[in-house]
1. Over 19 Å between C-alpha atoms is what I'm after, so list which of K330/K364; K253/K316; K167/K499; K277/K330 land there.
2. Can you grab the distance from the C-alpha centre of the range 37-112 to the C-alpha centre of the range 290-369, Å, no decimals?
3. Between K185 and Q546, what FRET efficiency follows from the Cβ-Cβ distance if R0 is 35 Å, with the result rounded to 0.05?
4. Show me the GluC sites (Glu not before Pro) within the range 673-757 that DSSP assigns to loop and that have at most 16 other Cβ atoms within 10 Å of their Cβ.
5. Highest first, please rank the peptides 292-299, 430-437, 554-561, 683-690 by the mean number of other Cβ atoms sitting within 10 Å of their residues.
6. Taking H placed 1.01 Å from N in the peptide plane, check which residues at least 5 places from Q352 or on another chain put their amide H under 5 Å from its amide H.
7. Quick check: Cα centre of the range 185-214 to Cα centre of the range 529-588, how many Å?
8. Would you kindly derive the ³J(HN,Hα) couplings of the range 507-524 from the backbone phi angles with the Karplus curve 6.51 cos²θ - 1.76 cosθ + 1.60 (θ = phi - 60°), listing them in order in whole Hz, with x for Gly and Pro?
Amino acid sequence: MGFRSFAAARLPAALSGLPGLAKNAPEATQAEAASFDILLHRLAYLPKADIKRIREAYKFADEAHLGQFRASGEPYITHPIAVAGICAEWRLDAQAIMAALMHDAMEDCGVTKTELIERFEAPTAELVDGLTKLDKLQFSTKEESQAESFRKMLLAMARDVRVILIKLADRLHNMRTMGAMAFEKRRRIARETLDIYAPIAHRLGLNEIYRELQELSFQYIHPWRHAALSKAIAKARGNRRDLVSRIEKDVSKAFAESGVKVEIQGREKTLFSIYKKMRDKHLSFAQVSDIFGFRIVVQDLPQCYLSLGVLHQLYKPQPGRFKDYIAIPKPNGYQSLHTTLVSPLGTPVEFQMRTETMHIVAEKGVAAHWLYKNKGDPKAAQQLGSRWLQSLIDIQDETRDANEFLEHVKIDLFPDAVYVFTPKSKIMALPRGATPVDFAYAIHSDVGDHCVAAKVNGEPVPLRVELRSGDVIEIVTATGARPNPAWLSFVRTGRARSKIRHFLKNLEQEESRELGQKMLAQALRAEGLALPSLDDEDNDAAQLWQELARWAGNRHVDELLIEIGLGRKIATIVAKKLARMLAEQGQRPDAVMLSMGRFASDDAPAQGQVTLDGSEGASVRLASCCRPIPGDDIKGYLGRGEGLVVHTAECQVGRRLYQRDSEHWIAVAWAEELTRSFEAAIGVLMQNGKGVLAQIATAVSSAEADITHISMSDEAQQRETAEMQLLLSVRDRLHLADVLRTIKRSPMVLRVWRIKP
C-alpha cells in the first residue's frame, strides 16, 4: 500500500507572490521553457519522423517571430515553446505540437494559411487557423470582438478538440507569466479567464488546468484576499497536522487489515474554492470545514465500493453526503465515489474513491486519451465532449449574432448538473435549475417545439418547475403546439434558448411576409391592378418579381415582402414601381378594382387597409400606451423594423408619431369575426376595507372577463380610499362597458374608468 503525504499532494494552485508566480508554476521555469532541447526531451514518446517535422515547425516559428519580444523582455519564441511543452505533458500528437509552436504565426507574423498547407500539410494548417484570433476584422465594441473570437474558437473546437487543448495551454502559460504586465491589463485577462476559459476546461474534464486557471485568476483579480487566505491556510495546516496524521494512520491500518491495496493521497481545497464557498455561503474561514480531504486510488472498479465499505466501518458517514459518480458520471467524464465521514474530533472529512484510470481522466479530461501510450485516439477524446461540442454547432446554426451565441454558451458552462431519467430509464445530465422545457429540447427540438405539459414522477407540474436529480420526466406534446416566448424567462440551457429564439424569429418572418404580401396587394389594388402570381412556375411573373426585388435592393422576393411587413419599406412606393413595370408589360388599371382599392381618409396616405382579427401574431402589435380593443377607431404605424404597431385614433403618442413620420401610417380596421380576447387597462377608486379586492374580482368574473394584472401603490393601505389599476381581458368595447358597469355596482367602489394616455 502506497501513501502520499499532504505536503507532496498539495495542489500547485496554492501559490503566492504575484510577480514571482511563474517561478512556482508546475514543471518548468521560464528558462526551461525557452530551451527547445527541454521540449525535445519531453517529446520522447513520439517517433523520430514526427520529431523531425516538429523541429522544422520550430525553425519556421523562430524565423517568423525573429525580433519580437514579450512584455518581460524575453524573445517571443519562448512562449510557443512553453505552450508546446504543456501540450507535450498531455502526450498530444505531432500535428498538435507543431500547431502549438506556430499558433501565433498567422496572427502576428503575416504567415498565410496557404503557406502553412504547403510547408506542413492541411491538418496542421487547420489547427493553426482555428487558433488564430480575428484581429483583422473591425468590431464596434470590445465585447463584440471578444464574443466573435470566442465563437470562432468554440466552433473550431467542435471540429477538432485539439484546438481548445492548445488554446487552453496558450492561456495557461500567459496566466503564469503576466507579472510584467500593467495591473489593469492583468486584471482584465484574469477576469476573462475566470469567466470563459476556466469553465471550458472544467466542461472538458481538464481539472488540473481548471484549478490552476482559477487560482491564477483569483491571485490577479484579488491579490490581497489571495495573500490573506494563503496565510490562513498555512496556519490551519499547522493546527490540523495532528488530526490529519491520526486520520492517515487510522485509514492506513483499516485498509491493511482488509487486504485492499490502495494509494492514499492527501487533498487540499484550492484557495479560490475556499474563497468562493466563503463568499457564496457567507462563511468565515473558521467555518469552512472541508479544507482537507483524502483520495483513495484503487486497482479496479469493485475495490472502489469495497474501500467505501471499509471507510464506513471506520468512521460514521454523514447522511445525504454520498455521491456515486461512477454509476452516473458527470457530463465531462468524471468518475469517483464521494463520501463525507465524521472524524474522531467531530469535523467532517471528505473521501474520494477511484481507480487509476478514473484518476487520470478526472485530472486530464479529454487530454487523458493521449496519455495512454500507443492508444492516442483523437476520436475517443472527441466523443467525451461530443454532445456539448455538437450543441455548439446547433446553436451556431440558429444564432448569427456573436454576443447572443456567447450568452447561450456561457449558460452551458455550468459546472453543477442534475441527473434525470426519461420514462425508459435513460439518464440525462442538465444544468442545475433546468426545467421540463430544457429536458424536452435536450431530447429533440421537435419535442421541445410541440411541448404543452410535463409530468415529474407521474405528477403533472408547471413547465417552469426546477428539476431535481432522480426525477423521471415525461413530456406531453401536441401537434399544433408551438414555443411560447415566455419560456425564455426560465429555460437554463443554451440549446433550449437558441431553439426557442430561432423558432420565434422564423415565425415572425413568416407572419411578416404574409402581412407584407397583404399590404402590397392592397396598395396595388389602389392603383387598379391585381398582385401578380408569386408561383415560381410562372416564368414571366417570377422574372417580374426578381426585377422588383433587385430594384428594392433585396436578394429575393420573400426578403422584400418581409421588409414591407416589418415597415422597413413602404408598400405604396413598391406598389407604384410594380404598377409601372406591369404597365410596361401592357397591363392597364381596372376601373372596378380602382374604385374598390381607393378609400377615403382625411389624413392617412392611400396605402390600402389592413384588417385585424387577432390572429396576426408577432408581426402586429397593439400599442401598450393606449391598448386598443375591437370597437375603437384605430390606425397602424409601420415602425422601422418593428412590424405594424396599432394605436387608437385618439392616442396622443400616436398623434405625435404621425406628425413626425406621417408616411409610415396606414389604415387598419377590425374584422367582423375575432379569434381572441384583448387587454384593456382600467382604474378603480375604492374605499379601503376588508374584502374589497374580492368584491371587484367577483364582479369582473360575473361579467365574463379575466384579470391579467393588478397594481396598487404601497401607500394605498394607509388611506381611506385607494386607487388600483387592472388589466382586463375583454372581447371588445361593448364587453368592456358591461364590465365597468358591473364593477361600479360594488358598494365599496367610488369610481371606475378606462385608462387612456
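1. Violating the 19 Å Cα-Cα cut-off are K167/K499; K277/K330.
2. Each part's Cα centre sits 38 Å from the other's.
3. My answer for the efficiency is 0.10.
4. Of the GluC sites (Glu not before Pro), the ones in loops of the range 673-757 whose Cβ has at most 16 other Cβ atoms within 10 Å are E673, E704, E720.
5. By packing density, highest mean first, the sequence is 430-437, 292-299, 554-561, 683-690.
6. For Q352, the qualifying residues are F294, R295, I296.
7. 54
8. 5, 4, 5, 5, 5, 5, 5, 4, 5, x, 5, 5, 5, 5, 5, 5, 5, 6
Values quoted throughout were computed directly from the atomic coordinates according to the rules given, and no laboratory measurement underlies them. Treat the numbers as computed from the prediction; the structure is a model and nothing was measured. Quick reminder, even Gly has a Cβ in these numbers, built from the backbone with ideal geometry, and neighbours come from all protein chains shown.
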